[in-house]
Amino acid sequence: MKCETCNADIINGEEIERFGKTICEDCYMDALSPTQMCSPWATHSAKSFTERHGAMAPTESQKHILRILKGNGILEPDYLFDQLRERLTPADCERELAALLRMELIKVEKGDDQINIQLTNQACTSCHQYCSHL
């Protein structure tokens, strides 16, 4: 059996019916808890954690995103998703971007007709720590 959202194979008996579609557990979790790019409470929590415990190091996927942004500057989300297609699903990419946004290593700005993603000044000054050896 295949998930109607992501086409992943589903073991018989582990499928989930949601709004008339048969989906896998991962897609079900994504549907129940979608990524929120703009979440003041999550940003506040991340800042509080950083103040108490120090900055969190990016994951390998997040480092890859930082390298792409470092090499290309300001990017539109579709271009970035295209660059990450073989490594991350769109849902995973959104989660990684949300985490980088909360760590204040990237910023997302809305222009006239488009949305742009770029490194923050904080990321630019500390990017050598995350990206230079990669």
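Taking the stretch 24-95 as the region of interest, the helices (runs of 4 or more DSSP H) fully inside it that hold 3 or more residues being more than 24 Å from Gly111 (Cβ to Cβ) and modelled with pLDDT of 85 or more are 25-32, 60-72. From the set of residues in the stretch 121-134 that are among the small types (Gly, Ala, Ser) and in a helix (DSSP H, G or I), which is modelled with the lowest pLDDT? Checking each candidate, the answer is Ser126.
Restricting to the stretch 105-120, count the residues that are more than 11 Å from Ile65 (Cα to Cα) and either in contact (Cβ under 8 Å) with a residue 40 or more places away in the chain or not in a loop (DSSP other than H, G, I, E, B) (or both).
First, the residues of the stretch 105-120 that are more than 11 Å from Ile65 (Cα to Cα): 107-116, 120.
Applying the additional criterion that residues be either in contact (Cβ under 8 Å) with a residue 40 or more places away in the chain or not in a loop (DSSP other than H, G, I, E, B) (or both) yields 107-110, 115-116.
Residues flagged as more than 11 Å from Ile65 (Cα to Cα) and either in contact (Cβ under 8 Å) with a residue 40 or more places away in the chain or not in a loop (DSSP other than H, G, I, E, B) (or both) within the stretch 105-120 amount to 6.
The values are calculated or read from the model by the stated rules, or taken from the named source; none is laboratory data. The structure presented is a predicted model; accordingly, all values stated were derived computationally and were not measured. Don't worry about glycine lacking a Cβ; one is built from the backbone with ideal geometry, like all the others, and counts go over all protein chains shown.
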